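The values are calculated or read from the model by the stated rules, or taken from the named source; none is laboratory data. Just so we're clear, the structure is a prediction, and the values are computed from it rather than from any experiment. Here the Cβ positions follow ideal geometry from the backbone for every residue, glycine too, while neighbour counts run over all protein chains shown. Note: areas computed on protein heavy atoms with side chains; ligands, DNA, RNA excluded. Shrake-Rupley method; radii C 1.70, N 1.55, O 1.52, S 1.80 Å.
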Amino acid sequence: MHAVFRTVLERLGLGLATLFIVSIIIFSAIEMLPGDFGEAVLGQAATKETVAAFRRELGLDEPAYMRYAQWIGNVVQGDLGTSFSGRNASGIDRSRPVVDLIAPRLWNTLFLASMTAIIAVPIALALGITSALYRNSIYDRTVNTATLTTISFPEFFVAYILILLLASLWPVFPSLANVDAATPLAERMFKAALPAMTLTLVIVAHMMRMTRAAIINLLASPYIQMARLSGASQTEVIIKHALPNAWAPIATVITFNLAYLVVGVVVVEVVFVYPGVGQLMVDAVTSRDIPVVQGCALIFAMTYILLNLTADIIGIITNPRLLHPK
Amino acid sequence: MTQDPETYSALGEVGAFQERRTLWTRIKLDLKKSPMTARFGMSVILIYAIVAIFAPLLAPYGEAEVFPVPYAPWSSEFIFGTDQIGRDIFSRMIYGARNTVGIAVATTLLAFLIGGGLGLAAAINRSWLDQFLSRTVDVLMAIPSLIFALVLLSVFGSTVINLIIIIAVLDSTRVFRLTRAVAINVVVMDYVEAARLRGEGIGWIMRREILPNIMPPLVAEFGLRFCFVFLAIAALSFLGVGIQPPTADWGSMVRENASLIQFAQYDLKAGLTPLLPASAIALLTVAVNFVVDWFLHKTSGIRDE
Amino acid sequence: MSDSGQKGDILLDIKGLKIQGFSDEKWHDIVNGVDLTLRRGEVMGLIGESGAGKSTLGLAAMGYTQPGCKITAGEIIFDGVDLAKLSDAEKRKFWGNRMTYVAQSAAASFNPAHRLIAQTTASTIRAGLKDRSEAYSDARILYDALNLPDPEHIGDRYPHQVSGGQLQRVMTAMAMSPRPNLIVFDEPTTALDVTTQVEVLSSMRKIVEEFNTAAIYITHDLAVVAQMSDFIKVLRYGYEVEEAPTRQMLSTPKESYTKSLWSVRALEKKEQEIGQSILSLKGIDAAYGVSKVLFDVDIEVPKGSTVAVVGESGSGKSTTARVITGLLPQTAGSVHFDGTELPPALADRSKDQKRRIQMIYQMADTAMNPRQTVRDIIGRPLEFYLDLRGKAKNDRILELLEMIELDGRFLERLPSELSGGQKQRICIARALAANPDFVICDEVTSALDQIVQEGILKLLLRLQKELGLTYLFITHDISTVKAISDQVVVMNEGKVVEQGQKTEVFQPPHPGYTELLLSSVPEMDPDWLTNLNAKCADLKG
């Protein structure tokens, strides 16, 4: 078998194994709940019968591995269980399937994340590469200090500064990003402008610093000096000699930051009351609605693992040592 | 410049001998040469430390003292006004230094205790223990830590102790990786082998041969981890699942006063109020980052051009 | 090619060149007003020890300065043009066209992403000297001339697909591809094993002669430079010591520094009679995991003598040391020390057994904890093995420092404040502190400059005489073997090829591998390589 193919398969296998273990961890969240949570969910007035019925519904009487098998089977078919909220002591159940709660919000979150990525990735790469090339120039030092400052800011600080400036003092954009399924694209983008800007500022700072470090590292390789000494111009050194070896580090930087975006989105959604998965998850944590927390966590973890997997696979398929084995 | 070979002696060989200085003079020299950013950072950290330690003396009012004037404007009585239920914001900011920073320091210390200890053990053992710990850490790091923290907090509830333990455990994974990586580089050194050949015990080798040589990167990492933990706790408190009221904490103070920002057009000072705790957080992280940046540059010995 | 000059015309003329480098927040002189004249078709050997500024000068000959360095004075006139005055863009017209460079580490200097032939011909095609197909077929001719296997197809491979010696020759082909006027060779064979080095040297010399290219050959190895160059320039601390035609320089060096460089090679220990064995290895097998690295090794070490173990990298000589010390327990066979069998694992040996066998490492830098002072480093074994404290310990440390020709001023220094030779001496003192009977020296001189090597070897010989020590001396360097040993063990691929008194082993006839190893070691005779090649040709013919 070709070495690249084999290594990619190995990495995919490892990714699957990680997903499996992560799913077990997330599943076991419900195992760790204190014994009286049935009462907590259904309220003080819940009768013994309704609590028992609720426990039966969750299958708490069956052994854990059976319930895991059932749960993961449902998850694979797109069923994330039923929310705890909407239940009450009387046994009347107005709860909704977790999937119905997550699906529309997932679309919103993905929209915000992609909008940010489309703006942030090119800016960050351009800043990172140029400051690596003009290392220690005034430009480099300014960008360096500015980004070091930005990564030190909590996301909500950046968010509120933007709100203060662009929504409150000079009202250009709305401070509430209340979109729904019917919002047309242009309005959606307008409303999501401030959240996207917040995320962009934070991500660009991180990504630019990592890109700069990766490029400096690459330019220090002896083969780059060799290329210079054989008369290659700066452009040729970058395009022909540095770039073919830069895909792996650049892919790592990009995916790492997209993965970071997945997390950063939670806080920003709350600040701007943007109806995404992050806000849903925080609400669910506050009300200890475990099935919803599980569903959201599973989606975030999956995205995160898939992104890292992509970076690794790009690294593998661009590695000349694996592409051309001995 | 030619040295006569007949008089060659080991003593005459030119070594990079430096004058021996006491720790204090070396620190003074380093400080003298430190860049503006690092000096700024150090002063900020010092001020925060003083405020945190002497909070009860410095604060004009109590941490949870309620006055019958919610949302009072900035005045000589309430320097930064009062919050939604009438507590003095300036006093709460001062107590916040104690609570928010104190909890973050405790969490970082715990993370280093766990991650550093296990990392060192894995670097020395290098067999089943290393395998087990490294794979566990791989899995833990496959879940974004904020998400993981949210799941755990939803299960165990948001108490300060839970918060410290959960964040410390999640963050110790990164400390583990770094400690293990730098310690492995030291463990393979000939001087560690020489100590083993001499018959030194594992404790001596850890304490005398390995630890002193992995300290600089770990000290720098302590600063970075602190920033990360500090921001994570602030974010969780901001989201309402971290430090709970009535404890004064910068993250939740931002959330509680957030709505004031809408009034910036009419009263700029009121609009700035929610930004005060947020900038207190930002200022400290900037300060720590500046100091760490300088420290890393100084100890790495890498002088780019 | 714009070149129209005749052989014998001046090609490169460097006058009063000064170069400074920035480190420790100060500018330091690296090259201090050096003149250099090179005529067309000539090969100049540039030699010196570490810090002599030879690589910086070599690169400056191309008008190139490394990041962090700057030319502060002088001219670099190449074929009538002062390179020091040109911009980078103007210099690029010369680089990879009229002047080329061969680096020390071929493995790191090739771009992993491109095929060898594309890298070989890139600068030729860029300069418009040949079109692609011409350049490619020319590269294949060069590969053939450099004795590379399968010259038609080796260029289609990627750098990681060929061996280090082959890669170094491909780099020579790359340097030759534009038919430059000047090639700078920067320690091109230092990273290679001796048997590989010979082949690379031969093919480099052949091709430089064939195309009548001028070259600067930078190295610290005198025997190598003797083979390659028409004349030699000796550098020290950035100054020129002297310059002379190769034969004259070898036979009658003028300056005392040069003489001392030459004399190191002359050190030779008078062989001792074989005494009783203090250490004997019988039928040792050893393995790292599943890969077996030692096969049935028998070695006898007579008391009070020096046994040198020689071999190339991967021969198992260091593994043998690890078995003796107990770091790598053997899988078969036994180690007897002074009449008793040593337990295979270090943990099972008594404190006294550990004390009596001490080890000195190749890299003194990594053998000492950078955070401990000389006092701590030498003091610890005194405390640990002999239970010396306070004044007794202090007195003994001073005594040991004197034994290694240093003194009490060094007590509080850290390793980073010592020179290379001083570091190795402290390591010797640490070994002596344990009052050992048997010392394993693992390539202890190979990281040091020639003169310092001599000092260390003399010290070891003196200590052996005074203290009755037994040495097991691991090395790949034959002149070190001659200098220090009584007996020699030749190892190859985990097996002992030959063992005997030094004079016996160095006396022909040799078993096959010893012959190859000994004949591959360059000698100071400028005709050595020529004669060797002639002999090989005879054998083949």
Checklist entry - If we scan the stretch C:65-80, do we find a residue that is more than 9 Å from chain A (Cβ to nearest Cβ) and in a helix (DSSP H, G or I)? => result no
Next on the checklist: Any residue that is in contact with a strand residue (DSSP E or B) (Cβ under 8 Å, 6 or more places away or on another chain) and more than 13 Å from every other protein chain (Cβ to nearest Cβ) - is there at least one of those in the stretch C:343-363?
Outcome noted: yes
Item to check | Residues satisfying the stated conditions in the stretch C:383-411, i.e. over 34 Å from the mean Cα position of the chain (by Cα) and more than 9 Å from chain B (Cβ to nearest Cβ) | outcome: C:GLU383, C:LEU386, C:ASP387, C:LEU388, C:ARG389, C:GLY390, C:LYS391, C:ALA392, C:LYS393, C:ASN394, C:ASP395, C:ARG396
Item to check | Residue within the stretch A:280-297 that is open to solvent by 30 Å² or more (accessible area, probe 1.4 Å) and under 17 Å from the mean Cα position of the chain (by Cα) present | outcome: no
Next on the checklist: Just to verify a result, which residue in the stretch B:182-197, among those that are open to solvent by less than 20 Å² (accessible area, probe 1.4 Å) and within 7 Å of chain C (Cβ to nearest Cβ), is nearest to B:LEU118 (Cα to Cα)?
Outcome noted: B:TYR191
Checklist outcome for this item: Scanning the stretch B:238-263 residue by residue, the ones that are under 17 Å from A:LEU166 (Cα atoms), more than 9 Å from chain A (Cβ to nearest Cβ) and small (Gly, Ala, Ser) total 1
Checklist entry - Which one is farthest from the chain's Cα centre (by Cα) among residues in the stretch A:254-279 that are open to solvent by less than 10 Å² (accessible area, probe 1.4 Å) and of a type in the set (A, V, I, L, M, F, W, C)? => result A:PHE272
Checklist entry - Out of all the residues in the stretch C:253-273, which are over 13 Å from C:THR480 (Cβ atoms), free of Cβ contacts under 8 Å to residues at least 40 places away in the same chain and within 13 Å of another protein chain (Cβ to nearest Cβ)? => result C:PRO253, C:LYS254, C:GLU255, C:SER256, C:TYR257, C:THR258, C:LYS259
Item to check | Scan of the stretch C:437-452 for residues that are in contact (Cβ under 8 Å) with a residue 40 or more places away in the chain and away from chain B (no Cβ under 11 Å), ordered by number | outcome: C:ASP437, C:PHE438, C:VAL439, C:CYS441, C:GLU443, C:VAL444, C:SER446, C:ALA447
Item to check | Only one of C:ARG132, C:ARG115, C:ARG92, C:ARG126 that is more than 26 Å from the chain's Cα centre (by Cα) and either more than 10 Å from chain A (Cβ to nearest Cβ) or open to solvent by less than 30 Å² (accessible area, probe 1.4 Å) (or both) | outcome: C:ARG132
Next on the checklist: A:PRO291 - would you say it is within 23 Å of B:SER237 (Cα to Cα), in contact with a strand residue (DSSP E or B) (Cβ under 8 Å, 6 or more places away or on another chain) and not aromatic (Phe, Trp, Tyr)?
Outcome noted: yes
Checklist outcome for this item: Scanning the stretch B:264-278 for residues that are buried (at least 19 other Cβ atoms within 10 Å of the Cβ) and either at the interface with chain A (Cβ under 7 Å from one of its Cβ atoms) or of a type in the set (Ser, Thr, Tyr) (or both) gives B:ALA264, B:GLY271, B:THR273, B:PRO274, B:LEU275, B:ALA278
Item to check | C:SER280 of a type outside the set (A, V, I, L, M), within 32 Å of the chain's Cα centre (by Cα), part of a strand (DSSP E or B) and modelled with pLDDT of 90 or more | outcome: yes
Item to check | Hits in the stretch A:136-150 (condition: of a type outside the set (Ser, Thr, Tyr) and within 7 Å of chain B (Cβ to nearest Cβ)) | outcome: A:ASN136, A:LEU148
Checklist entry - Restricting the search to the stretch C:225-259, which residues are under 27 Å from C:PRO178 (Cβ atoms) and surrounded by fewer than 23 Cβ atoms within 10 Å (Cβ to Cβ)? => result C:ASP230, C:PHE231
Checklist entry - Which condition breaks for A:PRO104 when tested against (1) in contact with a Pro (Cβ under 8 Å, 6 or more places away or on another chain); (2) within 12 Å of chain B (Cβ to nearest Cβ); (3) open to solvent by 40 Å² or more (accessible area, probe 1.4 Å)? => result (2)
Item to check | Pick from the stretch A:154-166, criterion over 15 Å from A:ALA205 (Cβ atoms) and more than 8 Å from chain B (Cβ to nearest Cβ), ranking: most open to solvent (accessible area, probe 1.4 Å) | outcome: A:LEU165
Checklist entry - Hey, among B:THR136, B:THR100, B:THR107, B:THR179, which residue is buried (at least 23 other Cβ atoms within 10 Å of the Cβ), within 14 Å of chain A (Cβ to nearest Cβ), part of a helix (DSSP H, G or I) and of a type in the set (Val, Ile, Thr)? => result B:THR100
Checklist entry - What's the number of the condition C:ARG425 fails, among (1) free of Cβ contacts under 8 Å to residues at least 24 places away in the same chain; (2) open to solvent by less than 30 Å² (accessible area, probe 1.4 Å)? => result (1)
Next on the checklist: Checking the conditions here, which among B:SER91, B:SER76 is open to solvent by 60 Å² or more (accessible area, probe 1.4 Å) and out of contact with any Lys or Arg (no Cβ under 9 Å at 6 or more places or on another chain)?
Outcome noted: B:SER76
Item to check | Where C:VAL225 falls short, out of the listed (1) in a helix (DSSP H, G or I); (2) closer than 28 Å to A:PRO320 by Cα | outcome: (2)
Checklist outcome for this item: Those residues of the stretch C:505-532 which are closer than 21 Å to C:PHE231 by Cβ, open to solvent by 30 Å² or more (accessible area, probe 1.4 Å) and not in a helix (DSSP H, G or I) amount to C:GLU523, C:MET524, C:ASP525, C:ASP527
Next on the checklist: Name the single residue that is farthest from B:LEU296 (Cα to Cα) among those in the stretch A:198-211 being of a type outside the set (S, T, N, Q) and open to solvent by less than 40 Å² (accessible area, probe 1.4 Å).
Outcome noted: A:LEU199
Next on the checklist: I need the full set of residues from the stretch C:180-222 which are part of a loop (DSSP other than H, G, I, E, B) and at pLDDT 90 or above, in order please.
Outcome noted: C:PRO180, C:ASN181, C:THR213
Checklist entry - Scanning for something surrounded by 23 or more Cβ atoms within 10 Å (Cβ to Cβ) and either on the phi > 0 side of the Ramachandran plot or in a helix (DSSP H, G or I) (or both), does the stretch B:291-305 turn up at least one residue? => result no
Checklist entry - Which one of A:VAL273, A:VAL253, A:VAL285 is on the phi > 0 side of the Ramachandran plot and more than 10 Å from chain C (Cβ to nearest Cβ)? => result A:VAL273
Next on the checklist: Looking at the stretch A:214-231, I want the residues that are open to solvent by 20 Å² or more (accessible area, probe 1.4 Å) and have a partner that is among the acidic types (Asp, Glu) with Cβ atoms under 8 Å, at least 6 apart or on another chain. Which pairs are those?
Outcome noted: A:ILE216/B:ASP304
